[in-house]
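Everything below concerns the one structure shown next.
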Amino acid sequence: MRGWTTGNIPDLHGRRAIVTGANSGIGYHTALQLARRGASVVLACRSAERGQAAFDRVKAAAPDADLVLGSLDLADLSSVRTFADRHGDASLDILVNNAGVMAIPRRSTADGFEMQFGTNHLGHFALTGLLLPALRSAPSPRVVTVTSGFAWSGRLNFDDLQGERRYRKWTAYAQSKLANLIFARDLDRRFPELTSTAAHPGYAATNLQQTGPRMQGSTLTEKVVGVGNAVMAQSAAAGALPSLYAATAPDVHGGACYGPRLLQYRGAPTEVVTPPQANRPAQAERLWEISETLTGVTFAATTP
């Protein structure tokens, strides 16, 4: 694991992967490296224009890549179902639940959920459940759900999961990232034929940090965040390494979380310590039941 880089990714010919949010940032670099190593990769993107641009960039970098561009809006469960119908009919070896939104003003998804909880957690929960038959038909399937260091400050407020009574953008973001971590572990526990892990990028420069200020019309904050990304953050390519490690390395074990070696901030990927609130069985059970109710996706229905 020490000094692990993309050069350590094994040959992936004959394997199929789906990466959500593959049009930019960590998702783009995850999809690019999987494709470079021979995987057939579905780039799951909300924007057709940005998705096509990413598709073209990957093709330019890896001309022999086997790519498919898929339309997926995680903030719309009808889009999640349509995507799963179109791309869940073949064996699926790797699913990287990467896409997300970060610290934005309160918005609602197409189904009425708070946008951060709805996109980051519920959308990926539903997608994974709908793709479960395709995953289980692969010989050694892996699911990687991207969380964040903000999960350490996260709490699941079951009395107000949607932030209807009180909304704080960073609190909502931390809650959604804790939910990602809990989901990754509970999925591994419930389905031992899968290897389900979490991964987080540390502090990586992506467009996520600037989206919230831009939505609020705060040009100054947007510029300050941009400077911080340029000066302190590692690159998006480096931020993708924990996801790539979790998706491909032979010594990965289910239920673990992988992140940067240096204070979970930057550096080569390694298994990292997770917050204690991510290890409470009763809380995980309650989150799973609520997620099934809200999304209408019941994992038990796909269990043999």
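Overview of values
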item	result
Qualifying position, being touching a strand residue (DSSP E or B) at 6+ places or on another chain (Cβ under 7 Å), open to solvent by less than 60 Å² (accessible area, probe 1.4 Å) and aliphatic (A, V, I, L, M), among M102, M115	M115
Close pairs from the stretch 52-79: first surrounded by 15 or more Cβ atoms within 10 Å (Cβ to Cβ), partner among the acidic types (D, E), Cβ under 6 Å, at least 6 apart	L77/D111; S79/D73
Cβ-Cβ under 8 Å pairs, at least 6 apart or on other chains, the stretch 1-24 side touching a residue at least 24 places away in the same chain (Cβ under 8 Å), far side surrounded by fewer than 20 Cβ atoms within 10 Å (Cβ to Cβ) and of a type in the set (D, E)	M1/D251; M1/E271
The listed residue being at pLDDT 95 or above and either touching a helix residue (DSSP H, G or I) at 6+ places or on another chain (Cβ under 9 Å) or open to solvent by less than 10 Å² (accessible area, probe 1.4 Å) (or both), out of A301, A246	A246
Unmet criterion (only one of (1) within 17 Å of S176 (Cβ to Cβ); (2) touching a strand residue (DSSP E or B) at 6+ places or on another chain (Cβ under 9 Å)) for T109	(2)
Elements of type helices (runs of 4 or more DSSP H) in the stretch 19-122, at least 1 residues being touching a Pro at 6+ places or on another chain (Cβ under 6 Å)	25-36
Looking only at the stretch 256-272, and only at residues there that are over 13 Å from T147 (Cβ atoms) and assigned to a loop (DSSP other than H, G, I, E, B), the one that is modelled with the highest pLDDT	Y265
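Conditions tested, residue by residue: (1) under 20 Å from S235 (Cα atoms); (2) of a type in the set (K, R).
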residue: I26; (1), (2): yes, no
residue: T30; (1), (2): yes, no
residue: Q33; (1), (2): yes, no
residue: A44; (1), (2): no, no
residue: A54; (1), (2): yes, no
residue: R57; (1), (2): yes, yes
residue: V68; (1), (2): no, no
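The values are calculated or read from the model by the stated rules, or taken from the named source; none is laboratory data. As the structure is a computational prediction, the values presented were derived from the model and not from experiment. Every residue, glycine among them, receives a Cβ derived from its backbone with ideal geometry; neighbour counts consider all protein chains shown. When the accessible area is computed, the model is the full protein with side chains, heavy atoms only, and any ligands, DNA or RNA have been set aside. Shrake-Rupley method; radii C 1.70, N 1.55, O 1.52, S 1.80 Å.
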